[in-house]
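The structure appears right after this line, and notes come after that.
Read-outs throughout are calculated quantities, based only on the coordinates presented, and are distinct from any laboratory measurement. Because the structure is a prediction, the values reported are computed rather than measured. In this analysis, Cβ positions are derived from the backbone assuming ideal geometry, glycine residues included, and neighbour counts consider all displayed protein chains.
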Amino acid sequence: MRLCKKCNIEITQNYCPICGNPNSLKRIDGKYIATEIGSVLNFDKGILYTVKELILRPGKAVKEFILEDRKRLVKPILFLIVCSVIYTIAQQFLEFEDGYINMNFDHWNDRIIGKIFNWISKNYGYANILMAVFITIWIKLFFRKYKYNHYEIFILLCFTMGISMLIFALFGIVEGIIDYPVLQYGANIAIIYTAWAIGQFFDGKKKLNYLKGILSYFLGMITFMIVVVLTGIIVEKII
């Protein structure tokens, strides 16, 4: 008799009827490793499938994730963090100019504000999650007639901002290799992509939605920056 290690009940089939835990785990071998690698490179689900879907039809793909199927795309917060880490590694390795939040902190280096912005520039994964919160508020305001709540809009932004980070990383890598400033083109493409993704998610037939999408994105980023500066000033006064 075998007992489920999680539920402690008898298992008569291959999987536990309560939690779905397998009766026994196969030993890790070459076939297992090959399967794991295949799952990562699989275009039917996983990271590459997620990137493909978000590039070809971002709004529709996210809408399907929210309303129909949440198994094929990578989890949104994890996706955003992974894409942000890819950008950070590429930027630090090739030392191209940081085009995502390109601000000069020299006159703030000795202040709390400068330290916060320096932390942001080194931790885009977490910073993007915080930034998405503010952008979500503006999107909800501009698209308040639609049925989506703040959490669903936040999911949209995690996917959208993740692809934007990959776009920045790609153009940054090209700039680092050919030593020619092309990162700004990547920034423009990322902006256009964001507007397209947000507009398509709500209603791709309405052209005004694309404008509202990009406005809410910029207003969210500006709000985030203002909050960072105010936080730094308040902390300085307290200490």
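Quick notes
- Listed options for Cα Rg over 2.2 N^0.38 Å are (1) 1.14; (2) 1.04; (3) 1.22. The value calculated from this structure is the one marked (3).
- Relative exposure of Cys7, Cys19, Cys83, judged by other C-beta atoms within 10 Å (fewest first): Cys19, Cys7, Cys83
- Spin-label model, Tyr180/Gln13: points 7 Å from Cα along the beta carbon direction are separated by 6.0 nm.
- Footprinting exposure proxy for Phe134, Phe159, Phe79 (fewest neighbouring C-beta atoms within 10 Å first): Phe134, Phe79, Phe159
- With the simple model of a label 7 Å out from the Cα in the direction of the Cβ, Leu211 to Ile226 spans 2.2 nm.
- Between Lys122 and Leu78, residue separation times 0.36 nm minus the direct Cα-Cα distance comes to 14.1 nm.
- Listed as lacking a disulfide-compatible partner in the chain: Cys19, Cys83, Cys158, by the criterion of no other cysteine Cβ under 4.7 Å.
- Estimated from helical segments only, the mean residue ellipticity of the chain at 222 nm is -23000 deg cm²/dmol, where each DSSP H run of four or more residues counts as -39500 (n - 2.57).
- GNM result for the chain, Cα springs below 10 Å: residue of Tyr148, Tyr217, Tyr32 fluctuating most strongly: Tyr32
- For the chain, modelled as a GNM whose springs connect Cα atoms under 10 angstrom apart, the maximal fluctuation among Ile47, Ile28, Ile189 occurs at Ile28.
- Estimated vicinal HN-Hα couplings, Hz - segment 157-163 in sequence order (Karplus 6.51, -1.76, 1.60; Gly, Pro = x): 5, 4, 5, 5, 5, x, 5
- The slack in the chain from Leu94 to Asp203, taken as 0.36 nm per residue of separation less the alpha-carbon distance, amounts to 35.3 nm.
- Largest GNM mean-square fluctuation among Lys75, Lys140, Lys206, using the chain with Cα springs under 10 Å: Lys206.
- Backbone phi angles across segment 67-80, fed through the Karplus curve with coefficients 6.51, -1.76 and 1.60 (θ = phi - 60°), yield HN-Hα couplings of 9, 10, 9, 10, 9, 7, 8, 5, 4, x, 5, 4, 4, 5 Hz in residue order; Gly and Pro are listed as x.
- If you take the alpha carbon atoms of segment 181-237 and fit the smallest convex hull around them, that volume is 84 Å³ per residue.
- Percentage, to the nearest whole number, of Cα pairs in segment 165-206 over 14 Å apart: 52
- Each of Met165, Met225 was scored by other Cβ atoms within 10 Å of its Cβ. Listed from fewest to most, they are Met225, Met165.
- Overall form of segment 125-239 per C-alpha gyration tensor (a/c, 1.5; a/b vs b/c): oblate
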